[in-house]
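Asker: Questions regarding the structure given below will be posed in turn.
What follows draws every value from the coordinates through simple rules; no lab data is involved. Keep in mind that what you see is a predicted model, and the values were worked out from it rather than measured. Because the Cβ atoms are built from the backbone with ideal geometry, glycine has one as well, and the counts that use them run over all protein chains shown.
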Amino acid sequence: MTDAKRTATLNIEGKELELPIYSPSAGPDVLDITKLYAQGKVFTYDPGFTSTASCDSTITFIDGGEGKLQYRGYSIEDLAEKSHYLEVCYLLLYGDLPSKEQQTEFEDRITGHTLLHDQMQHLFRGFRRDAHPMSIMCGVVGALSAFYHDSTDITDINQRELASIRMIAKIPTIAAHAYKYSIGQPFVCPRNDLDYASNFLRMCFAVPTEKYEVNPVLAKAMDRIFTLHADHEQNASTSTVRLAGSSGANPFACIAAGIACLWGPAHGGANEAALQMLHEIGTVDRIPEFVARAKDKNDPFRLMGFGHRVYKNFDPRAKVMKESADEVLELLGIEDNETLKVAKELERIALEDEYFIEKKLYPNVDFYSGIILSAMGFPTSMFTPVFALSRTVGWISQWKEMITDPKLKIGRPRQLYTGAVDRVYTDVENRLPTEKYLKFNGGS
Ligand code: ACO
């Protein structure tokens, strides 16, 4: 972090405090309030962290106004076009693009860890067949810490490294097994002669009775989906991983926490919700009804796949994803699909609508990723697991960065307490039924 060359003065009821201002290598200046409580006896209040930087980081930069996303300084557009996912993993983990030898060595290390401990099969089989693959992933990833004891000591650099490699290597196998289990097909083992994306497609779609050839266009599109989702600075799930890690929890437990957070429809679950919404709309003539609902303040409905906390002009990932969607749909000959027609028309109408323009609501990456994944043959329940798989490298890179930060402290936000204080305890015989409990249970 750069030293503060400037300060801001805060006046709290006549008492002046000097707050250091840091200038990042890119992005808005940051006001250091770490001494605010000690010196000014006040907290800051920022629900949803809309104005709060929780850490300093050198991994990913986003300029929401400009629609810019960079991993370690490289634009997402360049990486999506010229690089591939495992190279991006290396870049995120170690900070620079690898040389040819380093790339080969890294890829060999990853492929050397793709298998799961055989006993983990019992874990999968313990779930109900109709379990959502995300619930299986939360459970199985958390359970890795029970299988790989030699990579849970976070104070040992070699163990941290091994845990990182294991996570990236095993997460496609876990996601694919979760899918296979949910459809009652036998697990397909990883094949290390295939690239990362092709291997994942094969583990999801091959069956032992037939030869399976990976389509290179689909493998490229899959790889691109992985790359576009690989990291996104301090989003909800990444912040969850960091918060869990700040207590010293092992990396597998931290990634399981990240997966749980990603699952929500306001975050990674939006790709599943977006396609479900397109299906619910069904036909182009019903779009105005849904757009009207999205604009109605009294209706909780939102257009899923639209809007973003940070991007306020466009989501650069959505642009690349849209190109990929066109390629995949053309290859598979499903350009005339009704869902696709609804998606394209919805996008057109929303982009011209005053409400969406004024609130700066644009299609985000999840709007298009579901369309591609669906065309590839994934059911909607697998969309968020694919996102979790892709984001694992981001989570693990951010976790590694945090663990080695000398300023590491357990994450512990403060609060603005608005509840009761100093109530007098009464014995149960003297209490009336509480209104809140009655309401919760449907009483008056
Ligand atoms: N449809 C309709 N209205 C919306 C939408 C939407 N998709 N998104 C935001 N708005 C409206 C809100 O109602 C609010 O209106 P108001 O100012 O009149 O109250 C205003 O726009 C701002 O919305 P917030 O929820 O305050 O914005 P925030 O930055 O907190 O939320 C979020 C961002 C969660 C992504 C939101 O836009 C949303 O819920 N989108 C749909 C879900 C989605 O696609 N999530 C994926 C995000 S990308 C990712 O995780 C990879």
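Asker: What FRET efficiency would be calculated for the residue pair ASN11, ARG128, taking the C-beta separation as r and a Förster radius of 51 Å, to the nearest 0.05?
Answerer: Result of the calculation: an efficiency of 0.30.
Asker: Using alpha carbons only, how many angstrom separate the centre of segment 159-236 from the centre of segment 1-70?
Answerer: Each part reduced to its Cα centre gives a spacing of 39 Å.
Asker: P(r) for segment 362-425, please, calculated from all Cα pair distances in 10 Å bins and given in %.
Answerer: Per 10 Å bin, starting at 0, the Cα pair percentages come out as 15, 24, 20, 22, 15, 4, 0.
Asker: How far apart, in nm, are two points set 7 Å out from the Cα along the Cα-to-Cβ line at SER247 and at CYS189?
Answerer: 3.8
Asker: Further, regarding this structure: Kindly provide the helix-only [θ] at 222 nm of the chain, computed as the sum of -39,500 (n - 2.57) over DSSP H runs of four or more divided by all residues, to the nearest 500 deg cm²/dmol?
Answerer: Estimated from H runs of four or more residues: -15500 deg cm²/dmol.
Asker: Charges on Cβ only, +1 for Lys and Arg, -1 for Asp and Glu, centred on the Cα centroid of the chain; of GLY282, PRO385, GLY64, which one is farthest towards the dipole's positive end?
Answerer: Value: PRO385.
Asker: Return P(r) of segment 1-158 (all Cα-Cα pairs; 5 Å bins starting at 0; whole %; ordered from short to long distances).
Answerer: 1, 6, 10, 11, 12, 12, 13, 13, 9, 7, 4, 2, 1, 0
Asker: Say the dipole of the chain comes from +1 at the beta carbon of Lys and Arg and -1 at that of Asp and Glu; which of ALA197, ASN271, ALA325 then lies farthest toward its positive end?
Answerer: ASN271
Asker: Right, next: Across the chain, how large is the tail of the calculated P(r) beyond 26 Å, expressed as a percent of all Cα pairs?
Answerer: 61
Asker: Suppose every Lys and Arg Cβ carries +1 and every Asp and Glu Cβ carries -1, with no other charges. What dipole size does segment 47-203 come out with about its Cα centre, to the nearest 20 debye?
Answerer: 840
Asker: For every other residue with a beta carbon closer than 13 angstrom to the beta carbon of PRO172, add +1 if it is Lys or Arg and -1 if Asp or Glu, then tell me the sum.
Answerer: In short, +4.
Asker: On to the next question. If you place +1 on the Cβ of every Lys and Arg, -1 on the Cβ of every Asp and Glu, and leave all else neutral, what size is the dipole of segment 335-444 about its Cα centre, to the nearest 20 Debye?
Answerer: Dipole of segment 335-444, to the nearest 20 debye: 760 debye.
Asker: Please compute the net charge surrounding PRO413, taking Lys and Arg as +1 and Asp and Glu as -1 over other residues with Cβ under 14 Å from its Cβ.
Answerer: Net charge in that neighbourhood comes out at +3.
Asker: How big is the charge dipole of the chain about its Cα centre, in debye rounded to the nearest 20, if each Lys and Arg gets +1 on its Cβ and each Asp and Glu gets -1 on its Cβ?
Answerer: Computed charge dipole of the chain: roughly 1180 debye.
Asker: Related question: Among TYR425, ILE171, SER239, whose Cα lies farthest out toward the positive end of the dipole of the chain, if unit charges sit on the beta carbon of Lys, Arg (+1) and Asp, Glu (-1)?
Answerer: Comparing the listed Cα positions along the dipole, TYR425 ranks first.
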